[in-house]
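Chemist: I'd like to ask you about the structure that follows.
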Amino acid sequence: MNKLNFPLVSLFFLLLPGLASAATVNGTLGVTAEVGAGCQVNASNVVGGSVVFGDLNFGSINTLNAQNIDGQTAGAGNGSIEMECSDGTQFTIALDNGLYFDGATRAMANGADPSELLNYALYQDAARTVPWTSASPLTGTASGISQVYPIYGRIPGGQAGVASGSYSDTVQVTISW
């Protein structure tokens, strides 16, 4: 055997196993997702497992006379309700009557004397024509994008004998879909 051919033949056999193991395998991967009807309520403040949406602040009032005092929530985290639901999801946002409801009207109580009440109402629209209560909730069908729902309030004028002080109430918000 020739000395020159032996290394070439050995080199050929050393490279052969590498050439023999090269291959290509094709296959498939299933990719799935299920989008259900659901919503995410965006809130920056959760206390004791309950979302705190913020406040509707009517500000300082010097006199009620015959004038109405209007207020509204100011964006997400400041009393407005912000949520994002999957497209086509039907939802309901209900506001209860608060702590000092007298059977016909919501009221805020004076912090110094809770028997002193200041009547107010909450509405779904800026014109303050659609009341917002548990019996008259805001209903809708989601579009799939984030929506902000402000709450509009009104203290009706003409309330006589309202004592000075800081008045407040707490309203429970219930969102369902």
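Chemist: Does Ser60 qualify as being within 30 Å of Ala163 (Cα to Cα), surrounded by 14 or more Cβ atoms within 10 Å (Cβ to Cβ) and among the small types (Gly, Ala, Ser)? I'd like the intermediate steps shown before the answer.
Modeler: Numbers: within 30 Å of Ala163 (Cα to Cα): yes; surrounded by 14 or more Cβ atoms within 10 Å (Cβ to Cβ): no; among the small types (Gly, Ala, Ser): yes.
In short, no.
Quick grid of which residues meet (1) under 11 Å from Leu95 (Cβ atoms); (2) outside any loop (DSSP other than H, G, I, E, B):
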{"site": "Ser115", "(1), (2)": "no, no"}
{"site": "Tyr120", "(1), (2)": "no, yes"}
{"site": "Thr129", "(1), (2)": "no, no"}
{"site": "Ser136", "(1), (2)": "yes, no"}
{"site": "Gly144", "(1), (2)": "no, no"}
{"site": "Ala160", "(1), (2)": "no, no"}
{"site": "Gly165", "(1), (2)": "no, no"}
{"site": "Val171", "(1), (2)": "yes, no"}
{"site": "Ile175", "(1), (2)": "yes, yes"}
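Chemist: On to the next question. Is the stretch 24-45 home to any residue that is in a loop (DSSP other than H, G, I, E, B), modelled with pLDDT under 80 and acidic (Asp, Glu)?
Modeler: To start, the set of residues in the stretch 24-45 that are in a loop (DSSP other than H, G, I, E, B) comprises 24-38, 43-45.
Still in the list and also modelled with pLDDT under 80: 32-37, 43-45.
Now restrict to residues that are acidic (Asp, Glu): 34.
Looking through the stretch 24-45, at least one residue is in a loop (DSSP other than H, G, I, E, B), modelled with pLDDT under 80 and acidic (Asp, Glu).
Chemist: Name the residues in the stretch 131-152 that are farther than 28 Å from Gly36 by Cβ and either loosely packed, with under 13 Cβ neighbours inside 10 Å or touching an Asp or Glu at 6+ places or on another chain (Cβ under 7 Å) (or both), would you?
Modeler: Answer for the stretch 131-152, where residues must be farther than 28 Å from Gly36 by Cβ and either loosely packed, with under 13 Cβ neighbours inside 10 Å or touching an Asp or Glu at 6+ places or on another chain (Cβ under 7 Å) (or both): Ala135, Tyr152.
Chemist: Based on this model, can you work out whether Tyr167 counts as among the hydroxyl-bearing types (Ser, Thr, Tyr), touching a strand residue (DSSP E or B) at 6+ places or on another chain (Cβ under 6 Å), surrounded by 12 or more Cβ atoms within 10 Å (Cβ to Cβ) and within 22 Å of Cys85 (Cα to Cα)? Before you say what the answer is, go through the steps one by one.
Modeler: Details: among the hydroxyl-bearing types (Ser, Thr, Tyr): yes; touching a strand residue (DSSP E or B) at 6+ places or on another chain (Cβ under 6 Å): yes; surrounded by 12 or more Cβ atoms within 10 Å (Cβ to Cβ): yes; within 22 Å of Cys85 (Cα to Cα): no.
The answer is no for Tyr167.
Chemist: Being among the polar types (S, T, N, Q), in a loop (DSSP other than H, G, I, E, B) and at pLDDT below 90, is that true of even one residue in the stretch 89-99? Let's see the steps before the verdict.
Modeler: Quick first cut of the stretch 89-99, residues among the polar types (S, T, N, Q) only: 89-90, 92, 97.
Still in the list and also in a loop (DSSP other than H, G, I, E, B): 89, 97.
Filter once more, so that each one left must be at pLDDT below 90: none.
So far as the stretch 89-99 goes, no, none of its residues is among the polar types (S, T, N, Q), in a loop (DSSP other than H, G, I, E, B) and at pLDDT below 90.
Chemist: Could you tell me whether Ala74 is over 22 Å from Asn42 (Cβ atoms) and surrounded by fewer than 17 Cβ atoms within 10 Å (Cβ to Cβ)? Break it down into steps so the answer makes sense when it comes.
Modeler: On the way: over 22 Å from Asn42 (Cβ atoms): no; surrounded by fewer than 17 Cβ atoms within 10 Å (Cβ to Cβ): yes.
No; evaluated as a whole, the condition is false for this residue.
Chemist: Can you tell me which residue within the stretch 95-117, out of those that are crowded, with 18+ Cβ neighbours inside 10 Å and out of contact with any Gly (no Cβ under 6 Å at 6 or more places or on another chain), is farthest from Ile175 (Cα to Cα)?
Modeler: Here the residue is Leu117.
The values are calculated or read from the model by the stated rules, or taken from the named source; none is laboratory data. It should be emphasised that the depicted structure is a prediction, and the values quoted were computed from it without experimental measurement. Neighbour counts are summed over all protein chains in view; Cβ atoms, including those assigned to glycine, are modelled from backbone coordinates with ideal geometry.
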